[in-house]
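Report on the structure given below.
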Protein chains: 2
Amino acid sequence: MEYQEAKDKFISTWGSLGTLWGINKAMAQIQALLFISTKALSMEDIMEELQISRGNTSMNLRQLMDWGIVTKELIPGERKEFFTTEKDVQELARIIAKERSRREIQPVVKVLKEVSSIKDDGTEKTKELIKQTKALHELTETADAMINKLVNQQQNWITKSLMKLIK
Amino acid sequence: MEYQEAKDKFISTWGSLGTLWGINKAMAQIQALLFISTKALSMEDIMEELQISRGNTSMNLRQLMDWGIVTKELIPGERKEFFTTEKDVQELARIIAKERSRREIQPVVKVLKEVSSIKDDGTEKTKELIKQTKALHELTETADAMINKLVNQQQNWITKSLMKLIK
DNA sequence: ATAAACTTTCAATAATTATTGAAAGTTTAA
DNA sequence: TTAAACTTTCAATAATTATTGAAAGTTTAT
């Protein structure tokens, strides 16, 4: 497999995986492109490479910046804006886990807590609703906490290794 | 909050969370409905409760059965088929994690492995592609393995507690 | 074998989501 | 201040995905 084929394959695969972390195809592809690029890219570059419109590129870059995954980079002497993505996979995982938790998991946890706290009127169906949503609430909260802890621990482990290397 | 309101809230919230575990709204809502139901439900019951068509109900029930989350239950003397979902949240988590891994994560891991294994032609861009996809490959594989281990460990922990309780 | 009771399938349609492109907005240089 | 170079916005449109409903299929009882 040659460079170009490998590159295209990576970008399209990563793009379709976007749903897994709750973002759309174009957004994931832009991130993928930046992730394997050796230098910061302009909007023009991205449009050209991915064959998408200016508007689409602009909106998706914005979203990636909102997530904190992509940053603008100003190149001296250049009028255009250039973009780069977080290159460290551990840090990337940390950001994604945190954002997904905040955007999607926390709101659900809140509803599960509310629903599982309704007053028990003694009927079987109410008891079942409370029991099941309570179990789901606990599981969701635990799983979310664990994942966040996990990605942060990895982070710490990496940081420690780096520290050792540096000093 | 009364029973009906709590129930509706749970079903619609769980439905919209469907995307998080890679299934569509109707599928998630059917599962949610069965999850808090005190008895097995017929297709008629589900259509009525969720206000969805027969075809939609049939197709989504099938998918839920493919996932291994819902099972048919034959009630003696009844011509209709009745459906129940896995009621244990831990087991549910285990099934979902396993299926998602098989359906979505493994294919991506495979591509990442392929792409990161292309021959290094010495150019900077090829080196970067190899380096970054290799890092992503390792991370994805590790994260996937960890999550599966995690849900299985929880499972074991629960199983052990139950065993103690029983004997 | 027939018909009633039920489920599945799938082409048509609806709903949702993503994308475009051009006008409006912004920044910089002269 | 003007104009060129660039980015953002957003209504229109395209693409994708979900849903319907009725015909075809299946199972069971007589």
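The values are calculated or read from the model by the stated rules, or taken from the named source; none is laboratory data. None of the values given here were measured: they were computed from a predicted structure. Using ideal geometry, Cβ is built from the backbone for each residue, glycine included, and neighbour counts are taken over all protein chains shown. Only protein heavy atoms, including side chains, enter the accessible area calculation; ligands, DNA and RNA are left aside. Shrake-Rupley method; radii C 1.70, N 1.55, O 1.52, S 1.80 Å.
Can you tell me which residue among A:LYS160, A:LYS164, A:LYS87, A:LYS98 is modelled with pLDDT of 95 or more and open to solvent by 20 Å² or more (accessible area, probe 1.4 Å)?
Values: A:LYS160 fails: modelled with pLDDT of 95 or more; A:LYS164 fails: modelled with pLDDT of 95 or more; A:LYS98 fails: modelled with pLDDT of 95 or more.
A:LYS87 is the lone residue from the list that is modelled with pLDDT of 95 or more and open to solvent by 20 Å² or more (accessible area, probe 1.4 Å).
Could we say that A:GLU141 is away from DNA strand D (no atom under 16 Å from the Cβ) and either farther than 17 Å from A:MET27 by Cα or at pLDDT 95 or above (or both) here? For A:GLU141, the condition - away from DNA strand D (no atom under 16 Å from the Cβ) and either farther than 17 Å from A:MET27 by Cα or at pLDDT 95 or above (or both) - is met.
Of all the residues in segment A:1-17, those that are in a helix (DSSP H, G or I) and more than 13 Å from DNA strand C (Cβ to nearest atom) number 11.
On the stretch given as segment A:64-92, residues that are of a type in the set (Gly, Ala, Ser) and touching a helix residue (DSSP H, G or I) at 6+ places or on another chain (Cβ under 9 Å) total 1.
Scanning segment A:14-49 for residues that are at pLDDT 95 or above, at the interface with chain B (Cβ under 9 Å from one of its Cβ atoms) and under 13 Å from B:LEU136 (Cβ atoms) yields A:PHE35, A:ILE36. The single condition among (1) within 14 Å of chain A (Cβ to nearest Cβ); (2) away from DNA strand D (no atom under 13 Å from the Cβ) that B:TRP67 does not meet is (1). Scanning segment A:24-55 for residues that are open to solvent by 60 Å² or more (accessible area, probe 1.4 Å) and either within 14 Å of DNA strand D (Cβ to nearest atom) or not assigned by TED's automatic domain parsing to the domain that holds A:LYS80 (or both) gives A:ASN24, A:LYS25, A:GLU44, A:GLU48, A:GLN51, A:SER53, A:ARG54.
On the basis of being modelled with pLDDT under 95 and either within 12 Å of DNA strand C (Cβ to nearest atom) or not assigned by TED's automatic domain parsing to the domain that holds B:LEU150 (or both), does B:ILE75 make the cut? Considered against the rule, which asks whether it is modelled with pLDDT under 95 and either within 12 Å of DNA strand C (Cβ to nearest atom) or not assigned by TED's automatic domain parsing to the domain that holds B:LEU150 (or both), B:ILE75 comes out as yes.
For residues in segment A:109-131 being more than 9 Å from every other protein chain (Cβ to nearest Cβ) and not in a helix (DSSP H, G or I), which is farthest from A:ASP66 (Cα to Cα)? Across segment A:109-131, the extreme among qualifying residues is A:GLY122. The residues of segment A:63-84 that are surrounded by 12 or more Cβ atoms within 10 Å (Cβ to Cβ), within 14 Å of the chain's Cα centre (by Cα) and not β-branched (Val, Ile, Thr), listed by number, are A:GLN63, A:LEU64, A:MET65, A:TRP67, A:GLY68.
Take the residues in segment A:18-65 that are of a type outside the set (Gly, Ala, Ser) and away from DNA strand C (no atom under 14 Å from the Cβ); name whichever of them is farthest from B:LYS125 (Cα to Cα).
Just the residues of segment A:18-65 that are of a type outside the set (Gly, Ala, Ser), to begin with: A:19-21, A:23-25, A:27, A:29-31, A:33-36, A:38-39, A:41, A:43-52, A:54, A:56-57, A:59-65.
Keeping just the survivors that are away from DNA strand C (no atom under 14 Å from the Cβ) gives A:34-36, A:38-39, A:41, A:45, A:65.
Details: A:LEU34: 12, A:PHE35: 11, A:ILE36: 8, A:THR38: 6, A:LYS39: 10, A:LEU41: 14, A:ASP45: 15, A:MET65: 24 Å.
Here the residue is A:MET65.
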